[in-house]
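Read through the structure below, which is laid out as structure tokens, and then see the notes.
The values are calculated or read from the model by the stated rules, or taken from the named source; none is laboratory data. Keep in mind the model is a prediction, meaning the values are calculated, not measured. Note that we place each Cβ from the backbone using ideal geometry, even for glycine, and neighbour counts take in every protein chain shown. Side chains included, ligands, DNA and RNA excluded: accessible areas come from the protein's heavy atoms. Shrake-Rupley method; radii C 1.70, N 1.55, O 1.52, S 1.80 Å.
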Amino acid sequence: MARTSSSGRSVQEAWQRFEPGPTWNLKWAGHLLRRIGFGPSWPELQKVLVQGPQKAIDSLFQAPAEAEAFNSQMEQWERSATSLSALRAWWLRRMLETPQPLVEKMTLFWHSQLALGNVRNVSPPLVREYLATIRRHCLGRLDELLQAVVLQPAMLLSHGAEANRKARPSDHFARVLLEQFTVGPGRFTETDIHQTARALTGYFVLRDELRFINREYDSGPKTLFGQTGSFAAQELFQLLAKQPATAQSIVRKLYRFFISEAEEPADELLEPLSQRLMQGQTIGQIVETMLRSKWFFSPAAYRRRIKSPVEWALSVLRPMEVLVPTEPLSHALEELGQGLGSTPTPAGWPDGPYWISPALLLVRAKWAQQFWTSGSPFGQKMDPAGLAARHGAKTSTAHAEFILQLYLQDELAAELRNKLVGQVQSANRQNLPEALRQLCQTLALLPEFQLA
């Protein structure tokens, strides 16, 4: 008998390719775009609705023609950032404009999973290079990602591991590498920590540059997870990437990020993906399997994640199809609890219900008002009435219905939907822009809108 998940779907069937048939609609197009990006625009929703899920997912893994020029321009601007605040603003600009939303979404994911420590003594250019390194490797091989990011000067400095001497290997950083970045808590020994630290000896950060000093490398034999060898850094990361515990930990985190954080998935549901990662499939291939699956396009995944502050704020702003000032936006996100470039602990940011505590919901309410106040740096640029008109709305009812479809794909209980549309209908033509602003502010605070 086939094993079944909590929803009754067999584990083997869960990761099979989803074929939409007549069930493909705006609801599921919005679901896909929320998970792989930062709030869909109306043209994006319509394009994916026409393409269907599989063709839309094809495009995620193919760099569009404009990507090279966009990335080159953004990298040039980011190099000019002399403060963490400026760097945050440029990254937010990337998220708003990128032709490769999945790459930026995965950069955000790994920024939390391969988190910096204390960044007070880390210069903004080093944080920029750390983020750029994640961006380059975010969908590639796990061992290559680990090696490239873990040995970034920003990483070593922020965790106090800038001098890995043979006589004093950094056991503290080795513990972070094992507990937070790879195999996970309780799945290694104190001996594993020390042997991992020995494998990283010889690496120093001198004048903000990574240096390898051969005389400080401990070349003696090391025994780690039952294997013995000289184990330099490259062999260490290859060994860690092949550990079943590492694959299980990473796949579980990807599952929470792309599918559901509402309940812990059964081990047998994740096992096929863990095996593929352990056997050398890239991170992108694992993500692609998730996104193409019947499980992703099912009630087990739909609205089963809570938006982080970055996801929430950008899903308010980005659908308006205008460029908003990103420096004040970065300050807003810091107040909302997600200051980019500076994770609170080596464990990264929390997720799930943490983001909708009563205190943080009050902060969201404050910023929802700020985003839609006509005189604010944000509100003076955003024009929901003009946007709806450009997309064909001619009456107040059509304007309201367009906004509901844009933000929630019209997924509201009939009573609430009729009430919100009625409020816009009651506004005279002169007051229609303000009524639509108020509608947008209301939608941004609905329980449905907090869910990705």
Hey, can you tell me all the residues within the range 425-448 that are buried (at least 19 other Cβ atoms within 10 Å of the Cβ), closer than 18 Å to PHE371 by Cβ and of a type outside the set (D, E, K, R)? ALA435, LEU436, LEU439, CYS440, LEU443, ALA444
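Can you tell me how many residues within the range 211-254 are among the hydroxyl-bearing types (Ser, Thr, Tyr) and in contact with a Leu (Cβ under 6 Å, 6 or more places away or on another chain)?
Of the residues in the range 211-254, 1 are among the hydroxyl-bearing types (Ser, Thr, Tyr) and in contact with a Leu (Cβ under 6 Å, 6 or more places away or on another chain).
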Sort through VAL287, VAL322 and tell me the only one that's buried (at least 20 other Cβ atoms within 10 Å of the Cβ) and among the aliphatic types (A, V, I, L, M). VAL287
Just to be sure before I move on: is SER41 in contact with a strand residue (DSSP E or B) (Cβ under 9 Å, 6 or more places away or on another chain), of a type in the set (Gly, Ala, Ser) and open to solvent by less than 60 Å² (accessible area, probe 1.4 Å) in the structure I sent? no
Would you confirm, using the coordinates I've provided, whether ALA393 is more than 19 Å from GLY39 (Cα to Cα), surrounded by 14 or more Cβ atoms within 10 Å (Cβ to Cβ) and within 21 Å of the chain's Cα centre (by Cα)? no
Could you go through the range 184-197 and let me know if any residue there is within 30 Å of LEU32 (Cα to Cα) and either touching a residue at least 40 places away in the same chain (Cβ under 8 Å) or assigned to a helix (DSSP H, G or I) (or both). yes
Scanning the range 213-253 for residues that are of a type in the set (A, V, I, L, M, F, W, C) and either free of Cβ contacts under 8 Å to residues at least 12 places away in the same chain or assigned to a strand (DSSP E or B) (or both), which turns out most open to solvent (accessible area, probe 1.4 Å)? ILE213
Can you tell me how many residues within the range 34-58 are more than 22 Å from ALA389 (Cα to Cα), touching a residue at least 40 places away in the same chain (Cβ under 8 Å), part of a helix (DSSP H, G or I) and not β-branched (Val, Ile, Thr)? 4
Which numbered condition in (1) surrounded by fewer than 22 Cβ atoms within 10 Å (Cβ to Cβ); (2) within 19 Å of ASN118 (Cβ to Cβ) is the only one that MET155 fails? (1)
Return yes when PRO344 is without any contact (Cβ under 8 Å) to a residue 12 or more places away in the chain, within 27 Å of LEU436 (Cα to Cα) and surrounded by fewer than 20 Cβ atoms within 10 Å (Cβ to Cβ) and no when it is not. no
